[in-house]
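Engineer: Can you read through this structure? Questions will come right after.
The values are calculated or read from the model by the stated rules, or taken from the named source; none is laboratory data. Quick caveat, the model's predicted, so the values are computed rather than measured. Here the Cβ positions follow ideal geometry from the backbone for every residue, glycine too, while neighbour counts run over all protein chains shown.
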């Protein structure tokens, strides 16, 4: 027995309705109540005892947030029904419109680009909007969320409480482009301000005029913001909060860091799983560009891109563009670390006058913390890692040390000086960010008592042991114009990093 195209279209509508309903975990009765129909009505439509109506399709599309799937099936059915009835004068849908009139704001295409820069990440969101609603749109809500340690929520929460994201550092800019002239700058207004989360209204207005997005009109908005390395972890997520026809993501990463990129997706009806298509890579000079896109993503779906930089400063030197050899010290220099031979590394630094110079000291500590975050992206540093102000080209008495335990907070040292050292010592191999092509066997005390300043100028004494004592002693040496080679016993040779065999292993005590 054959069925007509009209009957097949009605079957497709019923099947799509049932698929969307079960995907949301709703019974037929629950859906009917949410739509404002008699409790048995959905059952009748799915059982083909009632034919779909435009009102029913609109309500089902809105309640189930089906990204246009239910409405598309209804249009196919309705086209056939009117063709059979010979009624070409019925209401015509707007060209390219894939959701019911009155749906509201629709994203026809989004391109989200994240670029790794020397200072952090620059995010640019390009959205092509269509107002399928009945009211003018005067504002658009955007969200900015950061998560420095996405696999360690506790550590991330502590980090962002102490280093909250600020509107000032975002340097948010937005504009609207109708395609007919110069883009219009858009003013913005904060909605929510949290340590690791911002919600912002982009306003369809500026100091010159207002320019609402009227029903049936299209416009492109673009907004951009920046976040430093110390607040942005290796991930980039897009959430589908409005009906969207196409979502595209681009990651622009440094090719010399040898990035590896992957992604996961999740939705209301599916657990987290890998992206259905892999990001595609192509290189442009020293940049690795990863592109990924999807069509008709479901509402409330989330797509998360993740990456790691496989280049290891302690691994065999890689080849750079054109086959040139890139040594570990070159990578450090590329991150802004002053290298051995610079006069500043042999000079005593100038202490801070606290609390008078507290703003200057805090700014420098922020720079040091940012440098550590960038270093952690390059290499795990299982022994811990520290950086002193002279290594960033600043002759002031500040250093920051990240302990071997990554869950521990970094130690900030202002105007430090050693006031006591334990009698027991040992020898371990050390590396230096400013001398990264070699490792050297350095004797250090197993306990170190250090007096250092607080922000208010008061002084405290902190005792460090074992690995932390070694790390702290190394950084204080930098503030006094010494390198670890000055501590080595006469005649003990340096070990080239290519021959060093303890990479990735903590010190043994």
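Engineer: Condition first: surrounded by 15 or more Cβ atoms within 10 Å (Cβ to Cβ) and either more than 35 Å from the chain's Cα centre (by Cα) or outside any loop (DSSP other than H, G, I, E, B) (or both). Now tell me which residues in region 334-359 satisfy that.
Structural biologist: If the condition is that a residue be surrounded by 15 or more Cβ atoms within 10 Å (Cβ to Cβ) and either more than 35 Å from the chain's Cα centre (by Cα) or outside any loop (DSSP other than H, G, I, E, B) (or both), then 344, 345, 349, 351, 354, 358 are the ones that fit.
Engineer: Suppose we filter region 142-161 for residues that are surrounded by fewer than 19 Cβ atoms within 10 Å (Cβ to Cβ) and either free of Cβ contacts under 8 Å to residues at least 40 places away in the same chain or touching a strand residue (DSSP E or B) at 6+ places or on another chain (Cβ under 6 Å) (or both); how many remain?
Structural biologist: The qualifying residues number 8.
Engineer: What residue, of 367, 444, 402, 350, is at pLDDT 90 or above, farther than 26 Å from residue 160 by Cα and in contact with a helix residue (DSSP H, G or I) (Cβ under 9 Å, 6 or more places away or on another chain)?
Structural biologist: Exactly one residue qualifies, and that residue is 444.
Engineer: Please find, within region 60-69, the residue that is farthest from the chain's Cα centre (by Cα) out of those that are in a helix (DSSP H, G or I) and closer than 22 Å to residue 8 by Cα. Even if it seems obvious, please write down each step before you answer.
Structural biologist: The initial filter retains those residues of region 60-69 that are in a helix (DSSP H, G or I), namely 60-64, 69.
If we keep only those that are closer than 22 Å to residue 8 by Cα too, we end up with 60-61, 69.
Working: 60: 35, 61: 32, 69: 31 Å.
Checking each candidate, the answer is 60.
Engineer: Sticking with this one: Please specify each residue of region 54-69 satisfying the condition of being modelled with pLDDT of 80 or more and either buried (at least 22 other Cβ atoms within 10 Å of the Cβ) or not assigned by TED's automatic domain parsing to the domain that holds residue 14 (or both).
Structural biologist: Scanning region 54-69 gives 57, 60, 61, 64.
Engineer: Out of (1) crowded, with 19+ Cβ neighbours inside 10 Å; (2) free of Cβ contacts under 8 Å to residues at least 40 places away in the same chain; (3) more than 38 Å from the chain's Cα centre (by Cα); (4) under 25 Å from residue 132 (Cα atoms), what's the single condition that is false for residue 45?
Structural biologist: The number of the failed condition is (4).
Engineer: I've got another one for you. Give me a count of the residues in region 461-509 that are modelled with pLDDT under 85 and under 35 Å from the mean Cα position of the chain (by Cα).
Structural biologist: Counting residues in region 461-509 that are modelled with pLDDT under 85 and under 35 Å from the mean Cα position of the chain (by Cα) gives 10.
Engineer: Here's a follow-up. Looking at (1) buried (at least 18 other Cβ atoms within 10 Å of the Cβ); (2) in contact with a strand residue (DSSP E or B) (Cβ under 7 Å, 6 or more places away or on another chain); (3) within 30 Å of residue 259 (Cβ to Cβ), can you tell me which one residue 213 breaks?
Structural biologist: (3)
Engineer: Considering region 379-393 alone, what residues qualify as being over 17 Å from residue 472 (Cβ atoms) and surrounded by 18 or more Cβ atoms within 10 Å (Cβ to Cβ)?
Structural biologist: 379, 392
Engineer: Let me ask something else about it. Among (1) in contact (Cβ under 8 Å) with a residue 12 or more places away in the chain; (2) farther than 15 Å from residue 139 by Cα; (3) within 22 Å of the chain's Cα centre (by Cα), which single condition is residue 168 missing?
Structural biologist: All conditions pass for residue 168, except number (1).
Engineer: Within region 194-216, does at least one residue satisfy the condition of being assigned by TED's automatic domain parsing to the domain that holds residue 135, within 18 Å of the chain's Cα centre (by Cα), over 27 Å from residue 293 (Cα atoms) and outside any loop (DSSP other than H, G, I, E, B)?
Structural biologist: yes
Engineer: Now, a different point. Condition check: under 25 Å from residue 350 (Cα atoms), without any contact (Cβ under 8 Å) to a residue 60 or more places away in the chain and either assigned to a strand (DSSP E or B) or out of contact with any helix residue (DSSP H, G or I) (no Cβ under 6 Å at 6 or more places or on another chain) (or both). Does residue 435 satisfy that?
Structural biologist: no
Engineer: Scan region 93-100 and tell me whether some residue there is surrounded by 14 or more Cβ atoms within 10 Å (Cβ to Cβ) and at pLDDT 85 or above.
Structural biologist: Within region 93-100, not a single residue is surrounded by 14 or more Cβ atoms within 10 Å (Cβ to Cβ) and at pLDDT 85 or above.
Engineer: Tally the residues that are farther than 24 Å from residue 300 by Cβ, in contact with a helix residue (DSSP H, G or I) (Cβ under 7 Å, 6 or more places away or on another chain) and not in a loop (DSSP other than H, G, I, E, B), restricting the search to region 24-44.
Structural biologist: So the answer is 2.
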